Amino acid sequence: GCQLLPLQNKVERKMLKKTVKKLVESGVCTSKEAGDSVREIMSGSANPVLTSSFLTALSLDKCTPDIVSAVADSMRSYSLPCKPELKNGEDLLDIVGTGGDGFDTFNVSTTAGIVVAGAGLKVLKHGNRSNASKCGSADILEAMGANLQVNGDQACKVMEKCGFCFLFAQKFHPSMKHVAGVRRALGVRTVFNILGPLTNPARPTVQLTGVYSKKLGPLYANVLKNSGMRRAIVVHSYEGLDEISPAGPTYAWLVEDGKISEKTISPKDFGLPIHALSTVAGKEPEKNKQTLLDVLGGKKGPHADFVLLNAATALWLAGKGKDFKEATDIARESISSGRAKAVLEGYIKWSNEFKDSKKTKSAGNILDTIAAHRTKVIKELSEKVPLPKLQLASPVTPVLARIEMGKMGRGKIPDIVALMAEIKRASPSTGNINANVNVVEQALLYADAGASVISVLTEPKWFKGTIDDLRAVKGAVMK
């Protein structure tokens, strides 16, 4: 199921360098140039110096909706797949914020997502650990005992059972490791700081999104409109919160029917009282965990009203309730009936069903199974096709001999070292890795990075490969 292809030609892939040059000289670039540059960064083939230059030159004031849309699409193209099966007309929701608003509030979007699921809607929440606050969405769910490491297929199964699952950004966006060091070194906000809520791999149809700056409101609304999302709302409170505030008015940009409208919403629209932000301050994961349990247990007060505000908005977006007050009643009933708490308990239980799935079979056992399966396939094939026809039509120099002759250094690494790169869509231990990878594009990136050999996994059952992958890569790199 694995074929090795020695690379015989060098393919120039320098979009990132060209885009940096254009940004520096003219101050602008096209959305395609920005998207292709991020694709190059996500592939791992980009020079870190050029990555840093690109992120510095593409300042947030230059990020138009088209550029952010292209960059988000490029980042999502390298994410692990997550494809929930939705019935005709059924919505998939996310409630998510950019973070970075300077306020350390309770995990309202996470709790609201659970409440929304308790009201009968499907929620795949995309989120991460805390960057600036004491407790992020991943932190509180981990404190609850949930398994954050589910893959896309597993997340969909968990959601089908309980209505909710969490998509851990660090799990679903492994290619972000290629830019992590540069971002840490820069220490300033870049386009990647605003991509999180725009790159949910499950592609929700309805989304409540909070932003840390009012300037981002129209930008986000236009990006969500470009994505084809059925309905969305972007919010930013008067105080600067990236949630719907319990303390007063919140700016809101509503996306529906391909149009954007701006409005202001406040707790009175929901029939709820005003609460100072200090009353919904966040704490460490263990303390926030108890607050979440208290809210789902029916405890009333500022935290519960904060959750109702945001859950009701998401429910209203999805068509549950003719107005915010009716949607608030639905959210409140999700809690009082115990359904929201049951969603949380189900999520913790079912996510942990997959916790040790990698270990159900030892590596030796699964490799033995794969080997036995492939042996059977080859035996069946050999009975249909005489062996001589399967042999190579012309002699080739063995790969090791090529390495020893120093003919595969590619000019980027010493001839004494040969780099072998691998293309695979899935693995028996991890499941889907990059099921939608463009194998030709990936092969060319490997070639430009200096790889001497490419391994193409063609085994279909466990690695999701095909012989067509091999043919396509061979045609691209062995011209």
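Annotation for Asp61 and Asn438: the two label points, set 7 Å from Cα along the Cα-Cβ direction, are 3.3 nm apart. The local environment of Lys22, defined by Cβ-Cβ distances under 14 Å, has a net charge of +3 under the rule Lys, Arg +1 and Asp, Glu -1. Taking the Cα centre of the range 55-168 as origin and assigning +1 to Lys and Arg Cβ atoms and -1 to Asp and Glu Cβ atoms, the resulting dipole is close to 220 debye.
Phi angles across the range 31-44 convert, under the Karplus curve 6.51 cos²θ - 1.76 cosθ + 1.60 with θ = phi - 60°, into 3J(HN,Hα) values of 5, 5, 5, 5, x, 5, 5, 5, 4, 5, 5, 5, 6, x Hz, Gly and Pro given as x.
Ranking Ala232, Ile260, Val280 by Cα position along the charge dipole of the range 211-281, where only Lys, Arg, Asp and Glu carry charges on their C-beta atoms, puts Ile260 farthest toward the positive end. Between Asn352 and Thr375, the modelled label-to-label distance comes to 4.0 nm, taking each label 7 Å out from Cα in the direction of the beta carbon. Across the range 324-329, computed HN-Hα scalar couplings (Karplus, 6.51 cos²θ - 1.76 cosθ + 1.60, θ = phi - 60°) run 5, 5, 5, 5, 5, 4 Hz from first to last residue, x flagging Gly and Pro. Residue pairs exceeding 30 angstrom between C-alpha atoms, taken from Lys87/Lys355; Lys177/Lys300; Lys134/Lys341; Lys22/Lys215; Lys171/Lys225; Lys157/Lys283: Lys177/Lys300; Lys157/Lys283. Label separation (Glu239 vs Lys322): 3.3 nm, computed from points 7 Å beyond Cα along the C-beta direction.
Computed extension length for Lys268-Ala472: 67.4 nm, one decimal, from 0.36 nm per residue of separation with the Cα-Cα distance subtracted.
Summing charges over all other residues whose Cβ lies under 13 Å from the Cβ of Lys349, with Lys and Arg as +1 and Asp and Glu as -1, gives +2. Solvent-accessible area per residue in the chain equals 46 Å², computed with a 1.4 angstrom probe and all protein chains kept. The slack between Ser427 and Lys177, meaning 0.36 nm per residue of separation minus the straight C-alpha distance, is 88.0 nm. Calculated mean residue ellipticity at 222 nm for the chain: -13500 deg cm²/dmol, from DSSP H runs with n ≥ 4 weighted as -39500 (n - 2.57), summed, divided by the residue count and rounded to 500. Give me the net charge for the shell around Thr190: Cβ to Cβ below 15 angstrom, other residues only, Lys and Arg +1, Asp and Glu -1. Result for the neighbourhood of Thr190: +3. For the range 135-146, the Karplus equation 6.51 cos²θ - 1.76 cosθ + 1.60, evaluated at θ = phi - 60°, returns couplings of 8, x, 4, 5, 5, 6, 5, 5, 5, 6, x, 6 Hz by residue, with Gly and Pro reported as x.
Near the amide H of Gly136, within less than 5 Å, lie the amide hydrogens of Ser130, all on another chain or at least 5 residues away, with H placed in the peptide plane. The magnitude of the dipole of the range 111-258, with charges of +1 and -1 set on the Cβ of Lys/Arg and Asp/Glu and taken from the Cα centre, is near 380 debye. Between Thr30 and Ser278, the contour length at 0.36 nm per residue exceeds the Cα-Cα span by 84.9 nm.
The values are calculated or read from the model by the stated rules, or taken from the named source; none is laboratory data. Keep in mind that this is a model prediction, so the values were computed, not measured. All Cβ positions, even for glycine, are placed from backbone atoms using ideal geometry, and neighbour counts span all protein chains on display. To get the accessible areas, we keep the full protein, side chains included, count just its heavy atoms, and leave off ligands, DNA and RNA. Shrake-Rupley method; radii C 1.70, N 1.55, O 1.52, S 1.80 Å.
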